[in-house]
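Scroll down for the structure; my scribbles are underneath it.
Values in this text are rule-based calculations from the coordinates and carry no lab data. A quick note: this is a predicted structure, and the numbers were derived from the prediction, not measured. Neighbour counts run over all protein chains shown; Cβ positions are idealised from the backbone, glycine included.
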Amino acid sequence: MTTWGWRGNANEDAVLNALRATLEARGLVATDDVDVGPLGAFVRVAPDGAGGTVVLGTALGGLAIGRALCELLAVGASFVDVDFDPRGLSASAYVIDARGGVAPGADIERDARELYDDALERWAARPRLDEYAIALLHDAGDAASADGVELAFRREPSTRASSIARAVRSGASLERTPMGGRTAVRVIQGGAMRITFLDEAEALELDRELSPQRKVTPSSESKNA
């Protein structure tokens, strides 16, 4: 799973409150179980050493979470996400304004690759290696080792995904269209059509509910090829 980091000029308590509200609004519930599965979230919140806060997370829809934090806190922030796969590392950086608007940041692909290779060689046994690398990309390396708060969230079943799955099992046809980080799902049944927007985790949950009997139209398959 992609690891991401958010850094903004807000105090730790305010960020924690905004983060809990943001994740709960996405159907995630706090849990003491660290095994949250692929649709859950695990985040670490720590001071950045300069009066702000860093959030290091593994959760689907990281950029959407980062944008929501900026809106709730009314602060701008830097955001990076990195897929730490030695076979094909990918990395992106963004600047988020206080209204949640996003602009591309610096190209960090090469820096991330060099950082990860160096980290593997020097700190292979270091706990939370990915988090440490993300913090370094934010120029806040101490945040990964400083005292902070760790939170785990499990995902509650999505009523929207379950409703769509039930309709498809009853004979409805399904079309999907990616739209701005979400998936527009068209369900056509008995001559009627309804459209539902799903976030990334809900779309994956729908896939899981319909597999292996997933029923889609040819147009849907071509849109997602």
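Once the Cβ-Cβ distance between Glu150 and Arg20 is put in as r, and R0 is 22 Å, what FRET efficiency do you end up with, to the nearest 0.05?
Details: r = 13 Å, r/R0 = 0.59.
Efficiency, from the Cβ-Cβ distance: 0.95.
FRET efficiency for the Ile108 to Asp32 pair, using the beta carbon distance and R₀ = 30 Å, is estimated at 0.30.
Dipole size of segment 161-210 about its Cα centre, with +1 on Lys/Arg Cβ and -1 on Asp/Glu Cβ: approximately 240 debye, rounded to the nearest 20.
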